[in-house]
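Q: The structure under discussion is supplied below as structure tokens; questions concerning it will follow.
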Amino acid sequence: MKKKLILYFINIVMFTSLSAQKKVNDETNFYKNRIALAPETVFKKFFDAGMNPTNHVLSDSEQEKIGVAFSLLPPLHIKILKENLHSISFMDNMPNTALTSPVASADSIKKFNITFRAGILNETISEWATWKEKSLYYVSANPTLEVTIDAGNLDAFVYVLLHEATHVVDAVLKLTPHAEEDENLVQHTAYTKDIWLLFNSPMAKFTNPTLEKTRFRSGKVQPIISVKETYDELEKTPFVSLYGMASWYEDIAELVTIYHLTTKLNQPFVIYLKENGEIKLKFEPMKNKLVKKRLKQLDVFYS
């Protein structure tokens, strides 16, 4: 009798688990029939720049990784993507990580394509984020210094999909304002008020010479010796990353992505400066009190 009861409860647990997994798959497997060649306009953009990207044919294991990433998106992202995601595409020889583009639609519903560099399917978030952060600095004068990011071992595609999908959510729901060159014309939202002046200009109180020199603000690579000063200054702002300072579009995408990664997926996001392997600086943006003040605004993504 005891053995039968044990088997009964095991079966109940397995059935519940399988049912939950089936529900997740049913909610997110819409992406499967959205995988397509990138729009001709995307190919042309790269061809015109002298590049030669090619379509990437996905392996079975890569398709599994894509499915996992979609299943980890916040509820609002899934809802919006079901309606507004026209297609997702993967390229080899693509110069950047991802590109979200509007697609012409026969009706009034906004549609978007997201094209990804296929290589990220074979990287972890830590590997990809470290590569990206290292691209901000040159080390020739200080070869013993190194910047790394510990963001866990999830696939980089989880991060990049979430970031790009947030652009789609933002565009559809207009969470940030339409870009205006005149500050007097900007109709600020809760995500930009008292933080941004124009779409690519933070408020004066969050602007300083050190941060303005960074690659995502100036386009110029900085000496790695400037890392400590850079993150000390970033901590005085409500921005979760240096990339988030590029524009209010990148700001909201980075804020949602790093929040979801750390709070909902229980992953780390820690930036280190090391000298000969010894930690000289540890920066955790989600512990920044100015960043924390913005987190209540993210409830809409989970309701």
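Taken together, the values in this text are just the output of simple stated rules run on the coordinates, not laboratory data. Nothing here was measured: the structure is a model prediction, and the numbers come from that model. With ideal geometry, Cβ positions are generated from the backbone for all residues, glycine too; neighbour counts draw on all protein chains shown.
Q: According to the square roots a ≥ b ≥ c of the eigenvalues of the Cα gyration tensor, what is the shape class of the stretch 118-196, taking rounded for a/c under 1.5, prolate for a/b larger than b/c otherwise, and oblate for the remainder?
A: Values: a/c = 3.31, a/b = 1.64, b/c = 2.02.
Oblate, since a/c reaches 1.5 and b/c is not below a/b.
Q: Ok, one more. Given the peptides 100-107, 146-153, arrange them by the average over their residues of other C-beta atoms within 10 Å, most packed first.
A: 146-153, 100-107
Q: With the dipole of the chain worked out from charges on the C-beta (+1 for Lys and Arg, -1 for Asp and Glu) around the Cα centre, which of Phe216, Pro75, Thr115 lies farthest toward the positive end?
A: The listed residue farthest towards the positive side: Pro75.
Q: While we're here: Any idea what the dipole of the chain comes to, in debye rounded to 20, about its Cα centre with Lys/Arg Cβ at +1 and Asp/Glu Cβ at -1?
A: In debye, rounded to 20, the chain gives about 1060.
Q: Taking the highest mean first, how do the peptides 117-123, 190-196 order by number of other beta carbon atoms within 10 angstrom per residue?
A: Top to bottom by mean Cβ count within 10 Å: 117-123, 190-196.
Q: If I compute semi-axes √(5λ) of the Cα gyration tensor in Å from the structure I just sent, which labelled value in [x] 44, 31, 23; [y] 33, 25, 22; [z] 49, 24, 17 lines up?
A: It is the value labelled [y].
Q: In Å and from the alpha-carbon atoms only, list the Rg and Dmax of the stretch 194-237.
A: Looking at the stretch 194-237, its Cα Rg and Dmax stand at 10.7, 31 Å.
Q: By Kyte-Doolittle mean hydropathy of at least -0.5 and Cα axial length of at least 20 Å, which whole DSSP H helices of the chain are selected?
A: 2-28, 156-173
Q: Here's something else I'd like to know. How big is D for the stretch 55-152, in µm² s⁻¹ as a whole number, if Stokes-Einstein is applied with the Kirkwood radius of its Cα pairs at 20 °C and 1.002 mPa s? Present the calculation step by step, with values, prior to reporting the outcome.
A: Details: Rh = 15.9 Å.
My calculation gives 135 µm²/s for D.
Q: Also: So, in Å, what gap is there between the alpha-carbon centers of the stretch 127-186 and the stretch 38-106?
A: Cα centres, the stretch 127-186 to the stretch 38-106: 17 Å.
Q: With an 8 Å Cα cut-off and a minimum separation of 6 or more residues, compute the relative contact order for the chain in percent. It would help to have the intermediate numbers written out before the result.
A: Numbers: 452 pairs, mean separation 48.7, N = 303.
Normalised by residue count, the contact order of the chain is 16 percent.
Q: Quick one: of the DSSP bridges fully inside the chain, what percent are antiparallel, nearest 5?
A: For the chain, the DSSP antiparallel bridge percentage is about 70.
Q: Have a look at Ala98, Val139, Leu58 and report the one farthest towards the positive end of the charge dipole of the chain, computed about the Cα centre with Cβ charges (Lys/Arg +1, Asp/Glu -1).
A: Leu58
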